[in-house]
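Heads up: the structure comes next, in structure tokens.
Each value in this text was obtained by applying a stated rule to the coordinates, not by laboratory testing. Please read these numbers as outputs of a predicted model, since none were measured by experiment. Don't worry about glycine lacking a Cβ; one is built from the backbone with ideal geometry, like all the others, and counts go over all protein chains shown.
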Amino acid sequence: MFSFDNYLFALLVVLVPVFVYYSFLYKKGSPQKNAITFGLLCCLSIFLSMTYPLELSGGQIYDLRTIPWLLAYLYGGINMGLVATAFIFLYRFIIGLDIGFIITLFAYSLSSITVYFFLQKYKMVELTEKLKISFLLTLLNTILVLIGLGYSYQHFDQTIVFDFVTYFLVSHLLTILIVIYIIETLQEKEQNKSKLLQAERVKIIGEMAASVAHEVRNPLTVVKGFIYIFKTEKNLTTSQISSLELMDTELQRAETIIHNYLSLAKSKTSDMEKIDVIELVQSVVCVMNSYALLKGITIVNNLEGSYYIKANRCEVNQVFLNIIKNGIESIDGKGHLILRASKKGNSVTISITDNGKGMTEEEVKRLGSPFYTTKDYGTGLGTMVCYKIVDNLQGEIKVKSSVNVGTTFSIFLPLVR
């Protein structure tokens, strides 16, 4: 008979490395190091699963190595998935070069090829879809293993065979659903913690800004007035005119920074209205076209349809203006900026892709942090304000980037019901 205690032990063998990773090691290093750490923990789980297998009546044994193997692919990446696959082959070879090794080689080779085609999609979808994908991939692997074992069923009673197949399938499929749900929950918890810390930082900066910005604006207004008076004076030299224009430009930049500080100080979005976000972005593109052409950059506008959101028009305009401008400035020489829109569920996604210098994973993680910028000049407040505005609208900004390849900003905004 099947022992529930044995299954609990096998489940713990899979879960303990996951809990260790997300409790002590998650986000402690770079994304690449995190992937390697997680992959190695999956290999440890595979070793323990194969060393202490589940046992049924009639001398039948099996293990849950498929679960950590699949996790190594889904959360460690293709390289760690291949490492986990090689580890299974090696350990099974050490156990014995028999028909079991051939079945393992057959099942996990075909499964690895299948998993490869689902990796990118898995990273993009929500929890429900992730559960479906992991369920189907596990089902495929277990069926391949059962097909390989099919020849030996003739040595057992049909009842024993039925019990084995049932327990084999149910234990694998149930375990993968439990583990994926726990991993996604732990990841969401860590992400919420990061968002909370970020919100606290923004709140502190906003409160400081609110107490200082108005006082700073007064002397700036006076200086700006005198500059205007001086510029109307006659007999000014070319050098003096140039200096006054530079002063005026820097004052405008200072006013922009103060405006961004005051935007951070606002706790809620006001003056909400129903707007067509595609129409709004189209108007931003028209404004930015001349700036892009000046730098030899082409804006490819693939925006179509109408998607309505409830937001402050000026704030949403500021978001897309900042992101498109940053995309243009990230490109050295000639290049292009591509805009697309798509609907998914109750939200619209506006993606802005450039073929600029790109960013490392560490730089992407720090985007939106106080005073962080990838530019040689700037304060980082523009991007920070964009994140805050979108967050206030219950939306989300996701960034994908590769160095010397380009960057894609995806802005998710909830549609009006």
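Ranked by Cβ crowding within 10 angstrom, fewest neighbours first, how are Asp271, Asp276, Asp63 ordered?
On the way: Asp271 9, Asp276 13, Asp63 18.
Ascending number of Cβ neighbours within 10 Å: Asp271, Asp276, Asp63.
Please find the FRET efficiency linking Ile229 to Thr298, where r is the Cβ-Cβ separation and R0 is fixed at 56 Å, and quote it to the nearest 0.05.
Here the calculated transfer efficiency is 0.85.
Given a Förster radius of 41 Å and the C-beta distance between Ser243 and Val405 as r, what FRET efficiency does 1/(1 + (r/R0)^6) yield to the nearest 0.05?
With a Förster radius of 41 Å, E is 0.50.
Can you list, bin by bin at 5 Å, the percent of alpha carbon pairs in region 4-196, starting at 0?
1, 7, 16, 21, 21, 15, 9, 5, 2, 1, 0, 0
Considering the options Thr185, Leu136, Val14, tell which one lies farthest towards the positive end of the dipole of region 4-196, charges being +1 on Lys and Arg and -1 on Asp and Glu at the Cβ, about the Cα centre.
Thr185
Once phi is turned into ³J(HN,Hα) by the Karplus curve 6.51 cos²θ - 1.76 cosθ + 1.60 with θ = phi - 60°, what whole-Hz value does each residue of region 235-244 show in order, with x for glycine and proline?
Per residue, the Karplus-derived 3J(HN,Hα) values read 6, 7, 6, 4, 5, 5, 4, 4, 5, 5 Hz.
Stretch Lys33-Phe135 to full length: gain in nm at 0.36 nm per residue minus the Cα-Cα span?
Full extension from Lys33 to Phe135 adds 34.0 nm.
Leaving out same-chain residues fewer than 8 places away, which aspartates and glutamates sit with a Cα under 17 Å from that of Lys224?
Answer for Lys224, where 17 Å is the Cα cut-off: Glu215, Glu233, Glu245, Asp248, Glu250, Glu255, listed by chain and number.
Between Glu250 and Leu173, what is the spin-label point distance in nm, taking each point 7 Å from the Cα along the Cα→C-beta axis?
7.0 nm
In region 4-196, if the dipole is taken from +1 on Lys/Arg beta carbons and -1 on Asp/Glu beta carbons about the Cα centre, which of Asn34, Tyr91, Asn79 is farthest to the positive end?
It is Asn34, whose Cα lies furthest towards the positive end.
Could you give the size of the charge dipole of region 4-196 about its Cα centre, using +1 on the Cβ of each K and R and -1 on the Cβ of each D and E, expressed in debye and rounded to the nearest 20? Numbers along the way, then the final one.
Numbers: 12 positive and 11 negative charges, 190 e Å.
The calculation lands at about 920 debye.
Excluding Ser351 itself, what net charge comes from residues whose Cβ is under 12 Å from its Cβ, given Lys and Arg +1 and Asp and Glu -1?
Charge balance in the 12 Å sphere: +3.
Length gain on complete extension for the stretch Phe106 to Val16, per 0.36 nm per residue less the alpha carbon to alpha carbon distance?
The Phe106-Val16 span can extend by a further 29.5 nm.
What does the extension gain come out to for Asn392 and Ile61, with contour length at 0.36 nm per residue minus their alpha carbon separation?
That pair, Asn392 and Ile61, stretches by 113.8 nm at full extension.
Step through the table entries Lys274/Lys295; Lys28/Lys274; Lys344/Lys388; Lys33/Lys334; Lys28/Lys310, compare each Cα-Cα distance with 31 Å, and write down the pairs that go over it.
On the way: Lys274/Lys295 34 Å; Lys28/Lys274 42 Å; Lys344/Lys388 22 Å; Lys33/Lys334 35 Å; Lys28/Lys310 38 Å.
Checking Cα-Cα distances, Lys274/Lys295; Lys28/Lys274; Lys33/Lys334; Lys28/Lys310 exceed 31 Å.
Local charge sum around Leu413 (other residues, Cβ-Cβ under 15 Å, Lys/Arg +1, Asp/Glu -1)?
+3
As an exercise, use a Förster radius of 35 Å and the Cβ-Cβ distance of Leu197 and Met272 to find the FRET efficiency, rounded to the nearest 0.05.
After rounding, the FRET efficiency stands at 0.80.
Going 7 Å from the Cα of Tyr116 toward and past its Cβ, which residues in region 81-102 have a backbone nitrogen under 16 Å from where you end up?
Residues 81-86 fall inside that zone.
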